[in-house]
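Everything on this sheet refers to the single structure shown next.
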Amino acid sequence: MNALPYRRQDEAWLLDLLVQPRAARTELAGLHEGRLKLRLTQAPVDGAANTALLDFLAKRLKLPRRALALANGDTARRKTVRLHAGVELEPRLAGLTATP
């Protein structure tokens, strides 16, 4: 089992997340059950939390928003995001997991 919440798949990266909507602030909260935990202020209504999630990750990883998409977990707290980027993204992904 891979201890990291991200992995390379073909020409993209997959990032496994555990999302906590309706949090006091949007922030990374470390690893939880092999996934990167992300607290979001948005409620999971009409896709607002998913949009906020992708916007946050795009900004944090310095990627264009169009490079990110939900691979699965549209209505679940456990989500996987597909990131269309090259191997140069790995240090940035590692930086996300280093966040307390």
Q. Expressed as an acute angle from 0 to 90° and rounded to the nearest 10, what is the orientation of the C-alpha long axis of helix 48-61 relative to the principal long axis of the chain?
A. 40
**Q.** For the range 52-71 and the range 21-46, distance of Cα centres in Å
**A.** 14
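Relative contact order for the range 44-88 using alpha-carbon pairs under 8 Å, separation at least 6, rounded to a whole percent?
With pairs under 8 Å counted, the relative contact order is 25 percent.
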Q) Hey, got the dipole for the range 6-98? About the Cα centre, +1 on K and R Cβ, -1 on D and E Cβ, debye to the nearest 20? A) 240
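Bear in mind these aren't lab numbers, they're just calculated from the coordinates by the rules spelled out. Please read these numbers as outputs of a predicted model, since none were measured by experiment. Positions of Cβ are generated from backbone atoms using ideal geometry, with glycine treated the same way; all protein chains shown enter the neighbour counts.
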